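One structure below.
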Amino acid sequence: MRTKLGLSLTAVAFAALAVTGCNSVVQEKVAPNTLVAAKVADAPALSAADPVWARAQPLAVGLNDGKNFGGTGKTTATIKAVYTADTLYMLVQYPDATNSQRRIPYQKQADGSWKKITDPADKGGDENVAYEDKWAMIWPIDNSIKGFEEQGCAVLCHTGQGKPYGNKYTPGPGQIGDMWHMKSVRTAPWGFVDDQYVDDTRYDAKASPNAGRKSDPGTPGGEYNAIPLVGGKPQFMNKDGKPANAGGTYYIKRGDEVPFVDNFKPGDEVASHIANPLTGDRADIKAVNSWNNGVVTTVLSRKLVTGSKFDVQFDPARRYPFGIAAFDNAAVRHATPDDALFMVFGK
């Protein structure tokens, strides 16, 4: 988590009047850290190829102080947004040389036994070797998070406190953020960004091990279930029977699991979790996620107004601060910008 506080930026959009001949044209200009959602009449497809994205102004965001990303710990995200009368659409892209899908898999050993592949340096929830690519956004609900507009996501990050990388929570009671969490092998296979939130809950190893990070109501049992070893072998495998590292997947979609049959050879890997479809309030954000030629691409949609107390409610007349982070094969060590970002809605 970040302890470095970025410099405060003034991100207020302003209009300049330009006159050409006898016609007056209002040209909107915005600060470099402001995303403008373009108004469109028709809903675009959840595809980066949809021509609607040519109408949206891109916002480039430098992300730093993360893990991996070719050893640099940094990348640059490009975000575009459009909206219709009732729905927001976003296109999120960033370079990532590796398509990290290998989330703590089981691997068959030379002696025929199975074990999970993990980072030997992981001392508790800090996996950086065998994990999935992710990204996340946080939107303060009703501007309730004190200091967010000046410090961005750094105001929620707290080092130490019983964890190698610290904890995430808001500064005080009543301060809550809507968290959008794209998990490439847990929620993306079902076409969702996980709809979560963060509040002021402090870390407690037993009562609140995730501190302020929580999930919106819905999806009983969670977005995934771990597959245990039974008799020394994974309890389930994907019905296609393919090793994850030889044409298969590092996840099993709920309904595709079958009893494990050990027809695998040493070095083969299989998924260690079953991905569940999201439901209820947690399923508000639909998405298509992909990796191609070293670029992560996510296209998402969410209703402007969901009615949930755990979600930011978008009014096109207002400006909204937010933050974004990218995780390359990392459970928690994310790359983030130094300052808050803002979104405004075009006319």
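Some notes on this structure:
- Ordering Tyr320, Gln151, Thr118 by Cα displacement along the dipole of the chain toward the positive end leaves Thr118 in first place; charges were set at the Cβ atoms of Lys, Arg (+1) and Asp, Glu (-1).
- Inter-centroid distance (Cα atoms) of the range 241-278 relative to the range 183-225, Å: 23 Å
- Length available on full extension from Thr84 to Lys309: 0.36 nm per residue minus the Cα-Cα distance, which gives 78.8 nm.
- Computed over protein heavy atoms with a 1.4 Å probe, the accessible surface of the chain works out to 44 Å² per residue.
- Selection from Ala246, Trp53, Val92, by position along the positive dipole direction of the chain (Cβ): Ala246
- Using only side-chain charges placed at the Cβ, +1 for Lys and Arg and -1 for Asp and Glu, the dipole size of the range 274-347 relative to its Cα centre rounds to 260 debye.
- Chain lengthening between Gln109 and Lys214 when straightened (0.36 nm per residue, less Cα-Cα): 34.2 nm
- Accessible surface for Ile176 stands near 30 Å², nearest 10, in the context of the full protein assembly shown (1.4 Å probe).
- With bins 20 Å wide beginning at 0, the percent of Cα pairs of the chain falling in each bin runs 29, 56, 14, 1, 0.
- Within the shell of other residues whose beta carbon sits under 15 angstrom from the beta carbon of Glu149, the net charge comes to -1, with Lys and Arg scored +1 and Asp and Glu -1.
- Cβ-Cβ FRET estimate between Ser47 and Asn99, R0 fixed at 25 Å, reported to 0.05: 0.85
- Measuring nothing but protein heavy atoms, the accessible surface of the chain at 1.4 Å probe radius is 53 percent carbon and sulfur.
- Packing-based order for 299-306, 145-152, using average beta carbon neighbours within 10 Å, highest first: 145-152, 299-306
- Only Lys, Arg (+1) and Asp, Glu (-1) charged, at Cβ; the range 38-121 dipole about Cα centre in debye: 260 debye
- Expected 222 nm ellipticity per residue - DSSP helices of 4 or more, -39500 (n - 2.57), all of the chain, to 500: 0 deg cm²/dmol
- Straight-line reach from Lys183: taking Cα to Cα under 13 Å and skipping same-chain neighbours fewer than 8 places apart, the aspartates and glutamates in range are Glu132, Asp133, Asp194, Asp195, Glu223, Asp328.
- Here the dipole of the chain is about 200 debye; that uses its Cα centre as origin and unit charges on the Cβ of Lys and Arg (positive) and Asp and Glu (negative).
- Extension gain from Thr76 to Val261, taking 0.36 nm per residue of separation minus the Cα-Cα distance: 62.3 nm
- Inter-label distance for Val129 and Gln57, nm, one decimal - labels placed 7 Å from Cα along Cα-to-Cβ: 4.6 nm
- Which listed pairs, of Lys206/Lys242; Lys115/Lys163; Lys206/Lys239, have C-alpha distances above 27 Å, in listed order: Lys206/Lys242; Lys206/Lys239
- Lys/Arg +1, Asp/Glu -1 at C-beta; the range 137-252 dipole; positive extreme among Val230, Ile138, Ser208: Val230
The values are calculated or read from the model by the stated rules, or taken from the named source; none is laboratory data. Model, not experiment: these values are computed from the prediction. Cβ coordinates were reconstructed from backbone atoms using ideal geometry, including for glycine residues, and neighbour counts include every protein chain displayed. Only protein heavy atoms, including side chains, enter the accessible area calculation; ligands, DNA and RNA are left aside. Shrake-Rupley method; radii C 1.70, N 1.55, O 1.52, S 1.80 Å.
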